[in-house]
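S.K.: Let me give you the structure first, and then I'll get to my questions.
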Amino acid sequence: MFFTVNLADRGARTLVEHIDALREAVRVTKAERPFRIDAWVVLPDHMHCVWTLPEGDAEYSVRWSVIKARFSPAMPHTPRRRSHAERREHGLWQRRFWEHHIRDDADWANHVHYCWYNPVKHGLVERQEDWPYSSFHRDW
């Protein structure tokens, strides 16, 4: 599965400024609800990743909900929309995320490359290997 997950404030730098809290939220969630990280890149206001879930397990939404819930309390509170307050949401994240079911090996490779190249695409670095918040470093 390929995912794109965004902050509500698309101009924020929260994810890279609090990368340790995000890593911990992912680590604890992954220990409780296993999945394999095939690729992951964290940008200032969004992230992309490719996961492989255990056979017969399709509960990726639960995992994202838990990761978001673990990360959010560590962040400073910002003004919330009324709908966030009514649902007792922090308001840090966009409610939804983009998901794509990987079809084959070529699709998998394209999405892994997309993750790693994304910091270059956004003008954050000139070479993908220069972005520190990427699984590129783990895999190469």
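S.K.: Which residue out of W51, W64 is modelled with pLDDT of 95 or more, assigned to a helix (DSSP H, G or I) and of a type outside the set (K, R)?
M.R.: Just one listed residue meets the conditions, W64.
S.K.: So which residues in the stretch 1-52 are touching a Cys at 6+ places or on another chain (Cβ under 6 Å) and closer than 22 Å to R95 by Cβ, if there are any at all?
M.R.: Quick first cut of the stretch 1-52, residues touching a Cys at 6+ places or on another chain (Cβ under 6 Å) only: 3, 39-41, 48.
Scanning the stretch 1-52 gives F3, W40, V41, H48.
S.K.: Against the definition (surrounded by fewer than 13 Cβ atoms within 10 Å (Cβ to Cβ), out of contact with any helix residue (DSSP H, G or I) (no Cβ under 7 Å at 6 or more places or on another chain) and at pLDDT 95 or above), how does P73 come out, yes or no?
M.R.: Against the criterion (surrounded by fewer than 13 Cβ atoms within 10 Å (Cβ to Cβ), out of contact with any helix residue (DSSP H, G or I) (no Cβ under 7 Å at 6 or more places or on another chain) and at pLDDT 95 or above), P73 does not qualify.
S.K.: Starting from the stretch 29-40, keep only residues that are among the small types (G, A, S), then list their pairs with residues that are outside any loop (DSSP other than H, G, I, E, B) whose Cβ atoms are within a distance under 7 Å, requiring at least 6 positions of separation or different chains.
M.R.: A39/C49; A39/V50; A39/V112; A39/C115; A39/W116
S.K.: Six or more apart or on different chains, Cβ atoms under 8 Å: show the pairs whose first residue is in the stretch 45-57 and of a type in the set (S, T, Y) and whose second is in a strand (DSSP E or B) and surrounded by 15 or more Cβ atoms within 10 Å (Cβ to Cβ).
M.R.: So the pair list comes out as T52/D38.
S.K.: Could you please find all residues in the stretch 11-29 being hydrophobic (A, V, I, L, M, F, W, C) and loosely packed, with under 14 Cβ neighbours inside 10 Å?
M.R.: I19, V28
S.K.: Is at least one residue of the stretch 30-43 buried (at least 18 other Cβ atoms within 10 Å of the Cβ), touching a His at 6+ places or on another chain (Cβ under 9 Å) and assigned to a loop (DSSP other than H, G, I, E, B)?
M.R.: Yes; the residues of the stretch 30-43 include at least one that is buried (at least 18 other Cβ atoms within 10 Å of the Cβ), touching a His at 6+ places or on another chain (Cβ under 9 Å) and assigned to a loop (DSSP other than H, G, I, E, B).
S.K.: Of everything in the stretch 95-140, what is surrounded by 16 or more Cβ atoms within 10 Å (Cβ to Cβ), within 14 Å of F3 (Cα to Cα) and modelled with pLDDT under 95? Give them in sequence order.
M.R.: F97 - this is the single residue of the stretch 95-140 that is surrounded by 16 or more Cβ atoms within 10 Å (Cβ to Cβ), within 14 Å of F3 (Cα to Cα) and modelled with pLDDT under 95.
The values are calculated or read from the model by the stated rules, or taken from the named source; none is laboratory data. Note that the structure is a prediction, hence the values are computed from the model and not measured. So basically every Cβ, Gly included, is an ideal-geometry build from the backbone, and we count neighbours across all protein chains shown.
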